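For reference, the structure discussed in these notes is given below.
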Amino acid sequence: MLSAPLLEATDLCKRFPLRRSALDWALGRPAPALRAVDGVSLTVHRGETLGVVGESGCGKSTLARCLVRLHEPDTGAIRLDGQDALALTGAAWRAYNRRVQMVFQDPYGSLNPRLRIGDALTEALTVHRVVERAAVLGRVRALLDLVHLPQDAAGRYPHEFSGGQRQRVGIARALAVEPALIVADEPVSALDVSVQAQIVNLLLELQERLGLALLFITHDLRLLRHIAHRTAVMYLGRIVETGPTEALFATPRHPYTRALIEAVPQIVPGARHRGATVQGELPSAIRPPAGCPFHPRCPIAEPLCATVPPTLVPRRVEGSLTWPTACHLAGPPG
């Protein structure tokens, strides 16, 4: 049974305004905006891994940056242990920043190339006053040991490390301030395949050892199936389905989820790949389709889907309750 939510996001929206074109001026239309996150609600519980999956461009990284407040949402709410995170300022905001940390996709771009690794970790420890000054050096050594890096790594610069080692440094920096939740944005996609499993195993090891919650963003469904307790499927800035990972993979309700899962290569001798893929391209997030945003690509869409946006609510299927799904054809609300 899951504990009370650690983090709750409700109806988060983030739009990026764009320059008004000559055609917009001529037609009297307002300046367009890219709807990167469009009404997302989710919860993350203590000690669990919530996976967020979707195609590139669906808003996953923007959502991650909103949760750690690198982007300020336009509307919506974020609560940490029931406290309104978007209203925090000063010391209270720094306390939130300590508890919700991020591991970035590009381990090199997220590190200051002019700072030795030890200095980067020291900076995090001193700014947030995690330990007394006399204990900083010992804490740096403990962090390096925690992510399985040698002690001499403290005196080296980021460019002296491999991609996997730099990602370990990024994880150590996130852990330096003793967070409750780590938002990992595609943390292994920039790494060699041989290194990816090591980083994922490290995150799971740290989660168990430190009691961390993980929000793991990826486009790799095979990876997500092995590490996430629950999965949220994101499409064009919205969550279209969320549920227990194993159950969702076994019986996906949303046609987008179903297509993503069926597109995953199956390594089964003698078996043919099912070959069902998501047809067409992701629509523009500047002017998304009316109704269900997936309906132009959906193989089972009906006229209702082109006009009425579905809501993310539990749908009743064959007399039993299922997890929240934003699809008119997944069954009546129940």
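Values quoted throughout were computed directly from the atomic coordinates according to the rules given, and no laboratory measurement underlies them. None of these values were measured; they are calculated from a predicted model. Methodologically, a virtual Cβ is constructed for each residue, glycine included, from the backbone with ideal geometry; neighbour enumeration extends over all protein chains shown.
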Q.
What's the magnitude of the charge dipole for the chain around its Cα centre, counting Lys and Arg as +1 and Asp and Glu as -1 at the beta-carbon? Answer in Debye, nearest 20.
A. 400 debye
Q: Considering only DSSP beta bridges where both residues belong to the chain, give the percentage that are antiparallel (nearest 5).
A: 60 percent
Q: Give the order of Arg114, Arg65 when sorted by the count of other beta carbons within 10 angstrom, beginning with the fewest.
A: Arg114, Arg65
Q | Karplus-derived 3J(HN,Hα), 6.51/-1.76/1.60, for each residue of the range 37-46, Hz, glycine and proline x | A | 10, 10, x, 8, 10, 7, 10, 10, 9, 4
Q | Acute angle (nearest 10 degrees) that the helix 163-176 long axis makes with the longest principal axis of the chain, alpha-carbon atoms | A | 80 degrees
Q: Would you work out which of Val308, Ala285, Val100 lies farthest towards the positive end of the dipole of the chain, given +1 charges on the beta-carbon of Lys and Arg and -1 on that of Asp and Glu, about the Cα centre?
A: Ala285
**Q.** Rg/Rg_ref, the chain, where Rg_ref = 2.2 N^0.38 Å and atoms are Cα
**A.** 1.07
**Q.** Magnitude of the charge dipole, the range 114-221, Cβ model with Lys/Arg +1 and Asp/Glu -1, debye to 20
**A.** 420 debye
Q: Can you check how the C-alpha radius of gyration of the range 1-76 compares to 2.2 N^0.38 Å, as a plain ratio?
A: 1.42
Q | Among beta bridges that DSSP assigns inside the range 176-263, antiparallel share in %, nearest 5 | A | 55 percent
Q) What is the helix-to-structure angle for 117-127, meaning the angle in degrees between its Cα long axis and the longest Cα principal axis of the chain, kept from 0 to 90 and rounded to the nearest 10? A) 80 degrees
Q: Starting from the Cα gyration tensor of the range 54-188, take the square roots of the eigenvalues, sort them a ≥ b ≥ c, and report rounded, prolate or oblate (rounded when a/c is under 1.5, otherwise prolate if a/b is larger than b/c, else oblate).
A: oblate
Q) For the range 127-203, max minus min Cα coordinate along each principal axis, in Å, sorted largest first? A) 40, 28, 18
Q: Quick one: angle between helix 193-210 and the longest Cα principal axis of the chain, in degrees between 0 and 90, rounded to 10, please.
A: 80 degrees
Q: Kindly provide the helix-only [θ] at 222 nm of the chain, computed as the sum of -39,500 (n - 2.57) over DSSP H runs of four or more divided by all residues, to the nearest 500 deg cm²/dmol?
A: -8500 deg cm²/dmol
Q. How do 324-330, 286-292, 301-307 rank on mean C-beta neighbours within 10 Å, highest first?
A. 324-330, 286-292, 301-307
